[in-house]
Each structure stands twice: as C-alpha cells, then as structure tokens.
Amino acid sequence: MLEQLQSWFPPALIDLFVLSFWETLVMVGISGFVGALIGVPLGVLLRLTDHGGVLQNAAFNRTVGGIVNAVRSTPFIILLVAIIPFTRLITGSSIGTAAAVVPLTIAAAPFIARLVETSLREVDSGLIEAAQAMGATTPQIVFKVLLPEAFPGIVAGFTITLVSLTGYSAMAGAIGGGGLGDLGIRYGYQRFLPEVMLAVVLLLIVFVQAVQSLGDWLVHRLNKK
C-alpha cells in the first residue's frame, strides 16, 4: 500500500502539494482580509444611508448598491479576465498567486458588504433610537451599538466569504493563478492523473470544513457573551 502511494505521489509531487496548499492559503487569507477592510465599511455605509438609516441618502445608497450588485452578479471567471489590465497594473503580471489576489479581493469586497449590511439590519432599531436619544454621534452608534450587536452575524458572513473564496481560488488556477486549482488542472487534467485531482478535491473539502467549523465555533462563543 505504501509503495502504491509513493508511486502515485512521489516526493516532488508532494512538495508541489505543499506549495500549492500554501498558495491557496495566501490567496484566500489576503483577499479575505483586504476584502473585509473594504467590504465592512461599505456595508456600514449601505446600512446608514438606507431608508430609515442614521444618514439616510437614497441617491448615494442606490448608486453604491448598484455598483455592489454589478460586481456580485459578474461570474468570477469573467471577472478574472475582464480586469486583467488592472491586475497587471497592480502586480505587474496577470498570472501567479499575487495576480489572483486582485480579482479575489474585488469579488470578496461587495460580497462582504452585503453580508455586513444584512447583519446590521438585524440590530434592534430601539437600541439605535436609544443611543440617538442620549446624544450619541454617528461614529458612536456605529462602533458602540451597530458593530458590537451585529458582530456574530458579521463573523458568520465572513466565514461564508472565506469558503466562497476557496472555490474561487481553485477556479483561478484555470488561468494560471496558482494554488490547488492550478495543480489539479496541470496534473490531474492535462497530464491525466486522476489521483492528483482526487487528492486536490479532498484537500479543498478538508480546508473548507476546517474554515467553516472554526467560524461556527467563533459565532457560538460570541453569541454566548
């Protein structure tokens, strides 16, 4: 059995698995982090400027919401190709792990924004009205009422985003984005090694399960506080 496994996965191929898994972690981690830096404030703005919000502004809300919806509705594989000039401007290349981070971040930001907006909508309006009655400023309402109350929902949404980004990162491998998707395409498909494709799929399943379990655990802990 051991000899069979060694014939399927020689040391050089195992090294490729390790490198590809690391590239996937980098792509998902960086794009998730930067996407959150953009998406969370965007989601807060969408909630504040919505009907009945603290900074109600229908024109701004419709404009930003339209842009967010446009990016979210664009299939990721099309987004990858459409922003190649922008990707080259940022990273100097359209292939590789660094290049894949750019479209992944652009895909993640509006996704996170809508999830944050949805979580903020679930905050009891009575809490906001009480804070306003006590003279709280908009930043105080955001940082002391909205975000703390919605934090478990935001964490749950961010977990969903990371899971989606894992799938997107594998898709990026189809155009040389690196990571496990690239490994599966090059060895599992192009070189007709089904055992490599199977191993890639299993690794992605285990990774997604680990991310989802960690996110569920954090949400459970936050809800108990």
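Read-outs throughout are calculated quantities, based only on the coordinates presented, and are distinct from any laboratory measurement. Predicted, not measured: the structure shown is a model, and the values here were computed from it. A quick note on method: Cβ atoms are made from the backbone with ideal geometry, for glycine too, and the neighbour counts reach across all protein chains shown.
Remarks
- Charge dipole of region 69-225 about the Cα centre (unit charges at C-beta), most positive-ward option of Val145, Met134, Val102: Val102
- For region 82-148, alpha-carbon Rg relative to the globular expectation (2.2 N^0.38 Å, N residues): 1.74
- For region 125-140, 3J(HN,Hα) per residue [Karplus equation, 6.51 cos²θ - 1.76 cosθ + 1.60, θ = phi - 60°, Hz, x = Gly/Pro]: 4, x, 5, 5, 4, 5, 5, 5, 5, 8, x, 5, 7, 4, x, 5
- Stretchable slack from Ile38 to Glu122, in nm (0.36 nm times residue separation minus alpha-carbon distance): 28.1 nm
- Mean ellipticity per residue at 222 nm, deg cm²/dmol - from DSSP H runs of n ≥ 4 across the chain, formula -39500 (n - 2.57): -26000 deg cm²/dmol
- Summed residue charge, Cβ within 10 Å of Glu149's Cβ, Lys/Arg positive, Asp/Glu negative: -1
- Gain on full stretching of the segment that runs from Gln190 to Phe151 - 0.36 nm per residue minus C-alpha separation: 9.6 nm
- Annotation: extensible slack from Ser93 through Phe143 equals 14.1 nm (criterion: 0.36 nm per residue apart, minus Cα-Cα distance).
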